[in-house]
Structure formats: structure tokens, C-alpha cells
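Data first, discussion second: the structure below is written as C-alpha cells.
What follows draws every value from the coordinates through simple rules; no lab data is involved. Just so we're clear, the structure is a prediction, and the values are computed from it rather than from any experiment. Note that each Cβ is placed from the backbone with ideal geometry, even for glycine, and that neighbours are counted across all protein chains shown.
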Amino acid sequence: MDNAFQVAFQLIVSMDPVLIGIVTLSLQVSLTAVVIASLIALPLGAAIALWQFPGRGLVIVVLNALMGLPPVVAGLMVYLMLSRAGPLGQFGLLFTPTAMVIAQIVLILPIVAALSRQVIEELWWEYREQLQSLVVSRLRAIPTLLWDARFSLLTVVLAGFGRASAEVGAVLIVGGNIAGVTRVMTTAIALETNKGNLPLALGLGIILLLLVASVNAVAYVIGEAAKRRLG
Amino acid sequence: MNRAESPSLLPLELQGVTFRHRGLTLLEPMDLRLERNGKTMIMGPNGAGKSLLMRICHGLLRPTSGSVRWAGNGATPETIRQRQAMVFQRPVMLRRSALANVRYALSVQGVPRSERRWRADEAIERFGLQPIAHRPARVLSGGEQQRLALARAWALRPEILFMDEPTSALDPTAIKAVEEAVETFHSEGTRIVMTTHDLGQARRLADDVIFLVNGRLVEKAPVREFFEQPQSREAAAFVQGELVW
């Protein structure tokens, strides 16, 4: 084991090209998924927070439930959509990074939407009378509230990023863990551990941990500083 | 800007307005007329329905029955709302600078960008907020935020300004600033409607008083009359500083 740790650190320090390739692809896939999911889910969450409509309670329950969607199920759903016989089969996306991005979007969109709904609803409660008095329409209130909740929402988006970068089931099913094409950190760790190649698995595990920890640390620092400065 | 040309919103006429919530009658049938000019204080013990009445007038709440009618011939509901402003007991400021908060209110009302700039600057200057114009609004003191809320309202050039206990959470210096602001609005022709618990403040500022008890309009009288010859037992007790039931 000690030896495995040593080799792992060597891989990291020497910027092993295989390792770097896997880390880069992981970041590309998860960041793209987070950006796209957030662009949809933040306004969606805000809209659900602001509008009363029939079935709203059901929508909220479903969104909350989908936060716990098992990654393998999300992967399976996207697999069925993208497979040759599936409705989107003609695009030939299965086993490409694009498919992995789609699967991760399915996975984290409910998380970002459900959490931002909560954040925005609380803020709307505070702002509502003032904004109505200023004759701000609900549509206009959405960007206003999203902007004013930006520090809380940063945490929400990071929760999505954490989920995306840590999951293995969805990307494994739709990506196929093809070396150099769709192999990301989590799928590589699973595979290399099975093969007994512990140094590479460990090295990737360490990087994954550091990455998630540092992203959250940065977000925390930014959020706290901004709250102190902007109230 | 264009308010001189468009017909006045006032008088405001309430007819048979009631408000019920969860089976409780919070406002008994009420007829009320607010004339074009002046400063009206809405007074009464806690739970009398002062804030409620004001929110119904301003359009934040819909009455359970009865009608709220503004003059303003032909004005759409939206323009009617835009020609009013309200200052709350605890102002809500957006997470941006003081100046940006004023600009935001103008932009919402469709004021062109270039005009927004000078009108916001003018409002900031008018209320002596230049030193804090670029500070984040939400970290300002209570008194500063209330002055900013007044500047924001002033920038909108409202025809009528509602104020819900604007000074109840403030220290004497800040209270003085708010009272001066009320006079500023008044001198420029803005109709003032305000709730207060402060008898001295009502004497200083009011032209007339609307006195509510338990959701009932008990008295509406010029300020001197209200304080010197109250017509009802409740008002007599209230101006003596006694508890009113």
C-alpha cells in the first residue's frame, strides 16, 4: 500500500499524461453539464418559486425526489434514449463525451432546480411587497432574485458540480469507459481498482478529493466575504 | 415628468371595502375618500388595520369586497400603480449599491437609461446620500436605508406616497431626516398617507387623521380637531395616551 501511495504521488507530480487526460476530460464533462444544467435549472427553480399553478406541489415533490435519482438509473434512461434503436439514436451519441454530459445534466438538473426553488422562495418572501410596490412583474423579478441570491446559489451550483464529478454509474453506462475517449476519474478508479492497478486509482482518487474540496473551499470563502461586504 | 399633463390619480375613493382572512374580519366595511392634497396620518392601536388599509389602497392586497377607485381618467392599472410609491417600516434593499437600487426602480418603470442616470443621481443628492451612494445598500444603517428608500421613492416622482410606520425603528436623528423628507415630498405636491404610533409626529406632520380601532373607521378629522375635540370615546382615550379597546 505504501508503495502504491508513493507511485500515486509520483504520477501526480510528474503530470503523467494518461492521468492528466482523464482529469481534463472529467472536468470538461462535469463543468459543461453543470453550466448547461444551471442555465436551465436556476430560472426554472425561480419560476416555480414565484408562480402558483395547479400541480405545483406535485412538481416540487417530484423535483425533490429526483434529487436522489440513482446515477445508474439516469444513465440507463439516457442510454435508452441514445442507443441505436432509441428516439435519439440517429445522432450516434452513445459512448461519446456528449452522452456523458447529457446523463450528468439529467442527474443534476433536479438538484439545482429544487435547491434554487427553496432559496428563491425564501428571498421572494422577503422581497415580495417591495418588488410589487415597485411594479416589478414576476418575469422581471426572476433575474433580480437570481442575482440577489447569487451567493446562496453558488453553493447550490457547487452541490450540482460535486454530484456530477463524484458519480460513476451514469457516465459508465452511457460513456462506456473507453480509454482516451470517455474514461473519466470515477470510471477509471473503478476499473483500475478492479485490475489491481492501485497507484493510478489512488492518484486519481486523491486528485478528485482535492478538486472537490478546493472548489468548495473557494466557494465558501467567496460566499462569506461577499455576504460580509454586501449584506 | 409627464404627470402634469395626465389627469390626477386623486381623489382615491374606497367604497364598502372589507378584508377577511381565515374567517376573521380584519377590516369592517369602510368608505373613505382621499383628496388631492395633504398629509394624512392613519392612527390607531395595534391590530386596528392601519397597515392593511394602506396595502389595500396601494394595491398590494385585494379587498375581500368593495371597490378601490382612483380618478386618473383612462389610466391603466399598471400606470396607476406606477404613479404611487410606498416606504415600508423595514425597507428592502437589493444586494447592490445604494445608487443602483434607485436606478433599478427607475429601470423597472421603463425610464430610458440616460434619464435613469441623472434622475438617480438627483435623488441621491436630494437626500444627502452622496457619501454612501456606492456602498452596498444592505449594509447601511437602518436610518440610511430608510433615507435611501425615500430617495428611491422620490426618484419615481409618485403622485401619492404611502409610508408604513417609516420611523418606528429609527433613532431621533434619522426620524428627523424622515420627517424632513415627508415635507420635501409634500412641498413638491406628493400626496402623503402615513401610519404612525407617535402622537407627537402626527401633530407635527398631519393635516388630517384617520383613526381606526379593530378594523373600524372610527374617526376622520383635521388634525387639530382630532387632538383637541375628538368625537369618539376611543379617540379621546387614544390622544390621552390611554389604551384603547
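Just a few scattered comments:
- The lysines whose alpha-carbon is closer than 23 Å to the alpha-carbon of A:Lys227, local same-chain residues fewer than 8 away aside, do not include any residue.
- Cα gyration tensor shape of region A:2-230, rounded if a/c is under 1.5, else prolate or oblate by comparing a/b with b/c: oblate
- Charge tally in the Cβ shell below 15 Å around A:Ala179, where Lys, Arg are +1 and Asp, Glu are -1, A:Ala179 excluded: 0
- Put in line by how crowded their Cβ is, counting other Cβ atoms within 10 Å and starting with the fewest, B:Val17, A:Val112, A:Val13 read A:Val13, B:Val17, A:Val112.
- Relative exposure of A:Ser83, A:Ser165, judged by other C-beta atoms within 10 Å (fewest first): A:Ser83, A:Ser165
- GluC sites (Glu not before Pro) within region B:206-244: DSSP coil, no more than 13 neighbouring Cβ in 10 Å: B:Glu242
- The label-point distance for A:Arg128 and B:Asp207, in a model that sets each label 7 Å from Cα toward Cβ, rounds to 3.4 nm.
- Take every DSSP beta bridge whose two residues both sit in chain B; close to 55 percent of them are antiparallel.
- Residues with amide H under 5 Å from that of B:Arg96, placed H, sequence gap 5 or more: B:Ala137, B:Arg138
- Taken along the Cα-to-beta-carbon direction at a fixed 7 Å, the label points for B:Thr25 and B:Leu199 span 3.0 nm.
- Only helices enter the 222 nm calculation for chain A: every DSSP H run of n ≥ 4 contributes -39,500 (n - 2.57), and dividing by all residues gives -27000 deg cm²/dmol, rounded to 500.
- Placing dummy labels 7 Å off each Cα toward the beta-carbon, the span from A:Val72 to B:Thr184 is 6.7 nm.
- Fluctuation leader among B:Gly110, B:Gly189, B:Gly16 - chain B, Gaussian network, Cα springs under 10 angstrom: B:Gly110
- For a label point 7 Å along the Cα-to-beta-carbon line of B:Thr64, residues of region B:21-45 with backbone N under 11 Å: B:21-29
- When peptides A:130-142, A:45-57 are sorted by average Cβ neighbour count within 10 Å, with the highest value leading, the order is A:130-142, A:45-57.
- Largest GNM mean-square fluctuation among B:Val87, B:Val108, B:Val178, using chain B with Cα springs under 10 Å: B:Val108.
- Mean-position separation - Cα centroids, region B:71-134 and region A:110-135, in angstrom: 21 Å
- In order along region B:230-236, phi translates into HN-Hα couplings of x, 7, 9, 4, 4, 5, 4 Hz, rounded to whole numbers, per the Karplus curve 6.51 cos²θ - 1.76 cosθ + 1.60 with θ = phi - 60° and x for Gly and Pro.
- For B:Ile42, A:Ile173, A:Ile36, the sequence from fewest to most other C-beta atoms within 10 Å is A:Ile36, A:Ile173, B:Ile42.
- Remark: relative contact order (region B:1-150) = 22 percent; criterion is Cα-Cα distance under 8 angstrom and separation of 6 or more residues.
- Under 5 Å between amide hydrogens, built in the peptide plane, is the criterion, and for B:Met43 it picks out B:Ile210, B:Phe211, B:Leu212 among residues at least 5 positions away or on other chains.
- Mean Kyte hydropathy of 0.5 or more with a Cα span along the axis of at least 18 Å, helices from DSSP in chain A: A:17-50, A:97-133, A:150-166, A:198-230
- Förster radius 22 Å - calculated FRET efficiency between B:Gln89 and B:Gln240, Cβ distance, rounded to 0.05: 0.30
- For chain B, calculated [θ]222 nm from helices alone, where every DSSP H run of n ≥ 4 adds -39500 (n - 2.57): -11000 deg cm²/dmol
- Calculated FRET efficiency, A:Lys227 to B:Ala169, Cβ-Cβ distance, R0 = 22 Å: about 0.50 to the nearest 0.05.
- Computed extension gain for B:His134 through B:Arg36, at 0.36 nm per residue and net of the alpha carbon distance, reaches 31.6 nm.
- Helix B:113-126 axis, angle to chain B major axis (alpha carbon atoms, nearest 10°): 60 degrees
- Within the protein assembly as shown, percent of DSSP bridges classed antiparallel, to nearest 5: 55 percent
- Segment A:Arg56..A:Ser83, full-extension length gain: 6.4 nm, with 0.36 nm per residue of separation and the alpha-carbon distance subtracted.
- Only lysines eight or more places from B:Lys39 in sequence, or on another chain, were considered; those with a Cα closer than 24 Å are B:Lys50, B:Lys176, B:Lys220.
- Centroid-to-centroid separation of region A:158-195 and region B:190-245 [C-alpha atoms, Å]: 72 Å
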